[in-house]
Amino acid sequence: MTGQLRLKGSCGVSSPFAVRRADPDVARLRPLSQLLSIVLVSVVGVLLVHVLLETWAQVLTGPTSEDPRVNLETAAQWPKTLKSGLYLLLAALTVVKVAVDRLWRRFQTGADLALLVLGLVMVLAGVVNDSSLTLMGEALFVYFRGVVIFYALRAADLDETMVRRLLLVVGAVIGLNVLLAVIQMVVGRSAYSVLGWVDLTWAEQSRAQGLLSHPNHLGHVLGLALLGFIAWVTVNRVRFAWWVVASLVALALSASQSRESLLGVLIAGVLVAILVPQGARRVMGICLVLVVCTVTQIVARPDNRAEWERRISNVVAGIYHPAGSERSPQSTSAATSSKPAPSTVEPKPTASKASAGTVEPKPTASKASAGTVEPKPTASKASAPATPKPTAKPSPTSVGRPSPAPPREIRVLYLQQVVDILPRQPLLGFGIGQFGGVVAQKNNPDWHKNPKLGPGGFNRYGFQAVQIDSFWLHLVMEVGVLGLAAYLAWLVLIVRPLISPLMRARRRKAVHRPPVTAAMAWGIAAMVFSVVAAFLSPAFEDPLLPALLWAIVGIAWWAQRRAKELESLVYTADTAQLPTLRGPSDDGDADTQVLSTEEILATARRMRRPSPSD
């Protein structure tokens, strides 16, 4: 795009894009509309900063426990209340902005219709499974609160200055987390405790967390930031200093040892390289830096290497010893252990108070868990001096079991149970708010004993996190395959308007303006990243990731709409109206005027105000 457009006069030739004088009522409302746009973007910025600092604020202002389930009630609740209030305020302001500017048609896309259908399917799943109205409302809020940001940015009249300022504010907080993560990587335990963290499990495992409650949260934030840089360098050659910054982000991401974030960045990066091939080499360069940093962490840090080895061996063990292979389904002896060997003591439950699901599992049995460490004989020492010492007395929970199952990966065990249980109610699942999430845990801590799940219920294997550790498993169990299909269709319709312009440009071997292309590529990459992360974390119902994701996608949709307006604004206007737009051109042609990009967009907005905008 050249940024300029020539408007040639024509004698009486009409056009659907013909310039019209602004309606007086619309002109009167313009200051209010502009103010609402500024307020919307400001509230979005405050909300994004808040979710980045929420858990740390809880740690600093109230008592916290090492058990995330305890923190649901005992930790300081004002940050969560403030966050919910900001979401509700943002939703109300969005409705007002849409009503003032009469933007209803803008929200009649396929993605909007798909969201409505998805909501109806979820409500239906709740109704047929006896979820109360309050329970359904709370569950829907947790599922879709981040989407409010997406709609707010679509309603606002954004410009590049607003977007740049929003990104700078959020980027400053992310930069602080990068710095702290690198310090934690270098300094160790003291760099965690000085920030007020109570549970130092992550320090013991050499996993950086910054100001966030869990290393996976840090990985999600830094993964999205790194994908933003990847999207930008596909269409721009950046200075060396920015490559240094990106390398520091990659280093901090590798220090978190977030496996889902690593996979998400690599998969999304490859997709961006395919969609925007002219920057493929630079994209692959960033991915290579991330891989090198991660491999270096594994090789140089024994704790990280042991964790990767343990995870891989637990996955293999979970495949060869599936859920239910132990004699007692509710026994905790087969739980996924954080121990590298059966005789090793279990670690403390991980500190993800808000991460809910990305925490390491811990069996509910004692640290000398049944089936791994044999108890001492109960007889006194004096009563049996000549009696030979028992060599293999079984523990009470392992009676009748020839050998306990080895430590296994909790996600594998959960997947195996879902495969067995879901066929009981495959279409609509077991009801929103009733399985494995924050709402279910608060409403009924014994949700896993629901008789609908079968005689033995759902074996949690002592997992102490608030949510089960996979969003997709949680979703399909609550809303069934029908709800899962509706959710995936909605996500496809979200990214489809972003992919189509890039594919057309790829076929033409052309490119949109760099900011437009970068924003659309970032939106696509962020969505792919989140889909991948959702296999190994709560992701789309997490307190942090959805807010950042939908902000990025909202900016991407704004860029897509801006590009579409620029492409379509080759129109003819009456020459009598041109002086109201700009004075005569320098070449003296009375029938030709030259408009800048901003003037073109402003003209488009003015001429569309009298009727409902699309």
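The values are calculated or read from the model by the stated rules, or taken from the named source; none is laboratory data. Keep in mind that what you see is a predicted model, and the values were worked out from it rather than measured. Neighbour counts are summed over all protein chains in view; Cβ atoms, including those assigned to glycine, are modelled from backbone coordinates with ideal geometry. These area figures cover heavy atoms from the full protein model, side chains too; ligands, DNA and RNA do not enter into them. Shrake-Rupley method; radii C 1.70, N 1.55, O 1.52, S 1.80 Å.
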Single residue of segment 60-83 satisfying the filter (open to solvent by less than 40 Å² (accessible area, probe 1.4 Å) and at pLDDT 85 or above) that is farthest from the chain's Cα centre (by Cα): PRO79
Verdict on GLY462 being small (Gly, Ala, Ser), under 26 Å from GLU326 (Cα atoms), buried (at least 16 other Cβ atoms within 10 Å of the Cβ) and at pLDDT below 90: yes
Residue list for segment 166-208, filter: modelled with pLDDT under 95, closer than 23 Å to HIS50 by Cβ, open to solvent by 10 Å² or more (accessible area, probe 1.4 Å) and in a helix (DSSP H, G or I): none
Identity of the residue in segment 492-506, open to solvent by 40 Å² or more (accessible area, probe 1.4 Å) and more than 22 Å from the chain's Cα centre (by Cα), that ends up modelled with the lowest pLDDT: ARG506
Criterion violated by ALA231 - all others in (1) assigned to a helix (DSSP H, G or I); (2) surrounded by fewer than 21 Cβ atoms within 10 Å (Cβ to Cβ); (3) not aromatic (Phe, Trp, Tyr) satisfied: (2)
Filter result (under 19 Å from ARG411 (Cβ atoms), open to solvent by less than 20 Å² (accessible area, probe 1.4 Å) and either assigned to a helix (DSSP H, G or I) or not polar (S, T, N, Q) (or both)) within segment 445-459: TRP447, LEU453, GLY457, PHE458
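Listed here are the residues, each with its yes/no results for (1) modelled with pLDDT of 90 or more; (2) surrounded by 20 or more Cβ atoms within 10 Å (Cβ to Cβ); (3) aliphatic (A, V, I, L, M).
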position	(1), (2), (3)
VAL276	no, yes, yes
VAL283	yes, yes, yes
ILE286	yes, yes, yes
ILE298	yes, no, yes
GLU309	yes, no, no
THR332	no, yes, no
SER337	no, yes, no
PRO342	no, no, no
GLY357	no, yes, no
Members of segment 238-277 found to be free of Cβ contacts under 8 Å to residues at least 40 places away in the same chain and either more than 21 Å from VAL49 (Cα to Cα) or outside any helix (DSSP H, G or I) (or both), listed by number: VAL238, ARG239, PHE240, ALA241, TRP242, TRP243, VAL244, LEU266, VAL270, ALA273, ILE274
Conditions (1) at pLDDT 95 or above; (2) in contact with a Ser or Thr (Cβ under 9 Å, 6 or more places away or on another chain): number failed by ALA489: (2)
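Let's see how each residue does on (1) open to solvent by 10 Å² or more (accessible area, probe 1.4 Å); (2) closer than 23 Å to LEU53 by Cβ:
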{"site": "ALA539", "(1), (2)": "no, yes"}
{"site": "ALA547", "(1), (2)": "no, yes"}
{"site": "ALA556", "(1), (2)": "no, no"}
{"site": "LYS564", "(1), (2)": "yes, no"}
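Can you pull out the residues in segment 152-190 that are in contact with a Ser or Thr (Cβ under 8 Å, 6 or more places away or on another chain) and either under 13 Å from LEU248 (Cβ atoms) or free of Cβ contacts under 8 Å to residues at least 60 places away in the same chain (or both)?
Answer for segment 152-190, where residues must be in contact with a Ser or Thr (Cβ under 8 Å, 6 or more places away or on another chain) and either under 13 Å from LEU248 (Cβ atoms) or free of Cβ contacts under 8 Å to residues at least 60 places away in the same chain (or both): ALA181, MET185, GLY188.
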Given (1) within 22 Å of the chain's Cα centre (by Cα); (2) open to solvent by 10 Å² or more (accessible area, probe 1.4 Å), index of the condition PRO407 fails: (1)
